[in-house]
Amino acid sequence: MHNVLVTGGAGFIGSNFIRYLQTAESDVDIVNLDVLTYAGSLENLKDLPNPDKYKFVQGDIGDDDLVENILREGNIDTIVHFAAETHVDRSILGPAKFVETNVMGTFVLLEAARNYWIDEGGQNISEVRFHHISTDEVFGSLEPDDPPFSEVTPYAPNSPYAASKAASDHLVRSYGHTYGLPFSITNCSNNYGPYQFPEKLIPLMISNALNGIPLPVYGDGKQIRDWLFVEDHCRAIREVINQGESGETYIVGGNTQPTNITIVTTLCEILDECLPNSSFVPHESLIKYVTDRPGHDRRYAMDITKIINDLSWTPKRSLSEGLMKTVEWYLDHQDWVAAIGKQGDYQDWLDKNYEARGETQ
Ligand code: NAD
Ligand code: DAU
């Protein structure tokens with residue numbers, strides 16, 4: 001990794017990754033290509049450790065001329081591809097954008113990398129890497145006794161989001177197999193931590209609870225997700241790029257699988273502890289069970305044996321520590337939440353997604 005193109009670096013994980021990479025590798029030059037959708041913000045990239053080795057380009061991964069110019073001008077040897085539409089609920093109400101960005105956008109990036117690295121010989125092919133950030137959602141839903149997802153689990157995506165990510169994973173793999181494009185893929189579970197856009201479960205619950213707004217739990221709240229603190233994910237990505245074999249995929253997860261309702265009640269307990277004088281204590285009284293997400297996957301679980309054995313990566317932050325740190329971060333960054341909540345169509349989105357969801361219990 002010398003000259004790195006990060007796509008989607010103004011989003012949640014991408015911005016954490018840029019900050020992490022600058023602390024871990026002082027010699028890397030980073031170009032961040034991000035179109036700044038509602039989910040991306042330059043507020044997430046203030047106070048980088050090494051601003052001289054960072055450049056921002058506002059643009060679309062689907063713009064082939066722009067992407068090819070960035071690769072050539074920046075002598076890019078490593079692409080770390082985060083840019084995507086990422087919210088499952090939005091993919092249910094408006095799937096087209098997910099196909100455009102996640103499938104076609106990834107295709108454009110792959111073509112640009114193939115042209116520059118392989119056809120033009122712009123970099124030494126043994127020293128380049130296209131690293132694709134993917135998700136556990138491509139594997140579908142587990143029954144209670146099924147074994148956890150591993151690198152050989154067949155794909156069975158259930159939402160338009162998951163299907164678009166699965167399609168992009170297949171495209172990346174095919175460019176390795178057909179054209180010899182050096183690639184790696186990480187399929188990671190639910191991330192949480194600083195700078196997560198407040199539409200996602202954990203920041204949504206924190207920010208609603210702080211404002212006395214109901215905490216909308218979908219269905220019976222007994223769906224199970226694996227949760228990983230975002231910095232652990234960033235470390236895993238770096239390990240895979242630096243030490244992982246080209247052509248490999250790695251499952252990344254936190255080895256912790258609570259139900260959604262456990263996550264929500266834990267957040268409420270943390271808030272009760274941090275804000276004992278709030279008029280919303282006990283915050284748990286704000287919980288409301290609402291109409292479920294259509295096609296909602298019931299259970300995810302991750303087998304992280306391969307990344308532990310091959311790369312000696314393990315998650316460092318426990319869920320209880322991570323949740324405490326996350327709540328503290330949101331409490332300390334309420335200006336960030338207020339500013340980010342005004343971006344794009346966020347308020348309209350909240351109305352559209354939650355107004356039609358009746359209370360069920
Ligand atoms: P996010 O929604 O917070 O950020 C996405 C970023 O991509 C934003 O900055 C946005 O402006 C940018 N973007 C969107 N379309 C673009 C385009 N056409 N061109 C350039 N930039 C564009 O997403 P996130 O949660 O940080 O997720 C990042 C990646 O990690 C995604 O690929 C997602 O599928 C994957 N992932 C996320 C999680 C999670 O729990 N958040 C877990 C596993 C994998
Ligand atoms: O598993 C990895 C995936 O995690 C990523 O690929 C996605 O980009 C990311 O958004 C996330 O998807 P989820 O659908 O799991 O995340 P979300 O925060 O939307 O929901 C987490 C769980 O909480 C899920 O079971 C739905 C539930 N939920 C969510 C919201 C927003 C609620 O019960 N109420 C809510 O209001």
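Bear in mind these aren't lab numbers, they're just calculated from the coordinates by the rules spelled out. Here the structure is a predicted model, which means the values were calculated and not measured. Every residue, glycine as well, gets a Cβ built from its backbone with ideal geometry; the counts of neighbours run over all protein chains shown.
A few comments on the model shown:
- Measuring spread by the Cα atoms of region 176-302 yields a radius of gyration and Dmax of 18.1, 62 Å.
- Once you reduce region 62-105 and region 214-292 to the center of their Cα atoms, the two points are 26 Å from each other.
- Residue-wise HN-Hα couplings along region 34-50, as the Karplus relation 6.51 cos²θ - 1.76 cosθ + 1.60 with θ = phi - 60° gives them from phi, are 8, 7, 6, 6, 3, 8, x, 8, 6, 4, 6, 10, 6, 6, 5, x, 9 Hz; Gly and Pro carry x.
- Spatially, region 1-37 and region 132-154 are offset by 27 Å when compared through their Cα centroids.
- Rg(Cα) / (2.2 N^0.38 Å) computed for region 23-125, rounded to two decimals: 1.17
- All other residues whose Cβ lies under 14 angstrom from that of Lys165 are scored, Lys and Arg at +1 and Asp and Glu at -1, for a net of -3.
- For region 84-123, the convex hull drawn through the C-alpha positions has a volume of 46 cubic angstrom per residue.
- The stretch between Leu42 and Asp345 holds 107.4 nm of extra length on full extension. This uses 0.36 nm per residue minus the Cα-Cα distance.
- DSSP bridge pairs, the chain: antiparallel proportion in percent, nearest 5: 5
- Dimensions of the chain based on its C-alpha atoms, expressed as ranges along the principal axes with the largest first, amount to 63, 45, 39 Å.
- Across the alpha-carbon atoms of region 152-241, the computed radius of gyration and Dmax are 17.0, 54 angstrom.
- With the convex hull of its Cα atoms as the shape, region 5-80 has an orientation-averaged projected area of 4.7 nm².
- Within-10-Å neighbourhood charge of Tyr218 [Cβ basis; K, R +1; D, E -1]: -1
- Taking a straight line from the alpha carbon of Lys306, these aspartates and glutamates sit under 14 Å away, with near neighbours fewer than eight places off in the same chain left out: Glu151, Glu239, Glu245, Glu248.
- Shape descriptor for region 225-361: Rg over Rh equals 1.02 (Cα atoms; Rh from the Kirkwood inverse mean 1/r).
- Once Rg and the Kirkwood radius are both taken over the C-alpha atoms of region 162-209, their ratio Rg/Rh works out to 1.22.
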